[in-house]
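Structure first, then comments.
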Amino acid sequence: MVIIGLTGSMGMGKSTAADRFRFHDIAVFDADAEVHRLYEGPLADVIEVAFPGTTIDGRVDRAKLSSALVAAPNRFRDLEAIVHPAVRARQATFLRENARRGATRAVLEIPLLLESGGQAIVDVVVVTSARSDIQRDRLLARPGMTSDKLATLLARQMPDAEKRRRADVVIDTNGTIAACHTQVDALLARLADLPATAYDRHWR
């Protein structure tokens, strides 16, 4: 089973590319969605201990947690130490389930794949990329996003140019959704003969 690592900075079109993989009946593990699920209860008590006042009724209040992290960016690592092991466990379950059902390809959509050294756990690294002005416009259009918050979040991420350099494949998302889909389709055609070694090395 070929494991595709899908990544890219915020606002770079990862979700659009992921949707195209799903269109081709390829399962996608969405790390951000898993974090949302964990915030809804499974990790709320632990996060409340580490970040007092950031939960309400047994759920993490993302706005409160975000404010706490903007005020103390050095604490991102404390949060990651809580969240990342739980996400990695779910990734392993996802891949094993897909391997058991005979899937030939699976996607791990992980925003900080390269920042965390995750290129070693996949067979191919796919980076979505767009111009910085397009990225900024997309992100500032999101509810609750401010220039200060955006600056803090982007500071945690590897520069786009470096991600492009480390990528096996770059999906250009400056254009239309259809153009993005065409690039994903072309990528899948190229993966037909790619050796699949990551699953046996890291996940079995």
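The values are calculated or read from the model by the stated rules, or taken from the named source; none is laboratory data. Values in this document were obtained by computation on a predicted structure and should not be read as measured data. For neighbour counting, all protein chains shown are included, and Cβ atoms are generated from backbone atoms with ideal geometry for every residue, glycine included. To get the accessible areas, we keep the full protein, side chains included, count just its heavy atoms, and leave off ligands, DNA and RNA. Shrake-Rupley method; radii C 1.70, N 1.55, O 1.52, S 1.80 Å.
Taken over segment 95-107, the residue count meeting the criterion of being more than 16 Å from ARG201 (Cα to Cα) and in contact with a Phe, Trp or Tyr (Cβ under 6 Å, 6 or more places away or on another chain) is 1.
Which one of ARG142, ARG136, ARG90 is closer than 21 Å to ASP19 by Cα and at pLDDT below 95? Can you show your working first?
Details: ARG136 fails: closer than 21 Å to ASP19 by Cα; ARG90 fails: at pLDDT below 95.
The unique qualifying residue is ARG142.
The single residue among THR197, THR152, THR146, THR182 that is surrounded by fewer than 13 Cβ atoms within 10 Å (Cβ to Cβ) and more than 30 Å from ALA92 (Cβ to Cβ) turns out to be THR146. From ALA89, ALA72, grab the single residue that is farther than 23 Å from SER15 by Cα, without any contact (Cβ under 8 Å) to a residue 12 or more places away in the chain and hydrophobic (A, V, I, L, M, F, W, C). Result of the check over ALA89, ALA72: ALA72.
Residues of segment 108-121 being of a type in the set (Gly, Ala, Ser) and in a helix (DSSP H, G or I), which ones?
So the first thing to find is which residues in segment 108-121 are of a type in the set (Gly, Ala, Ser), and the list is 116-118, 120.
Of everything in segment 108-121, those that are of a type in the set (Gly, Ala, Ser) and in a helix (DSSP H, G or I) turn out to be GLY118, ALA120.
Taken residue by residue, segment 87-107 has at least one member that is under 30 Å from ILE26 (Cβ atoms), under 15 Å from the mean Cα position of the chain (by Cα) and not in a helix (DSSP H, G or I). Among residues of segment 75-86 being free of Cβ contacts under 8 Å to residues at least 24 places away in the same chain and either within 27 Å of ASP148 (Cα to Cα) or not in a helix (DSSP H, G or I) (or both), the one that is least open to solvent (accessible area, probe 1.4 Å) is GLU80. Looking across segment 6-23, the residues that are of a type in the set (A, V, I, L, M, F, W, C) and within 16 Å of VAL125 (Cα to Cα) come down to LEU6, MET12, ALA17, ALA18, PHE21. Against the list (1) over 24 Å from ALA192 (Cα atoms); (2) over 15 Å from the mean Cα position of the chain (by Cα); (3) not aliphatic (A, V, I, L, M), the condition ARG20 fails is (1). Scanning segment 155-169 for residues that are open to solvent by 50 Å² or more (accessible area, probe 1.4 Å) and not in a helix (DSSP H, G or I) turns up ARG156, PRO159, ASP168. Within segment 122-154, the set of residues being assigned to a helix (DSSP H, G or I) and either in contact with a Phe, Trp or Tyr (Cβ under 6 Å, 6 or more places away or on another chain) or under 20 Å from VAL170 (Cβ atoms) (or both) comprises SER132, ASP133, ILE134, GLN135, ARG136, ARG138, LEU139, LEU154.
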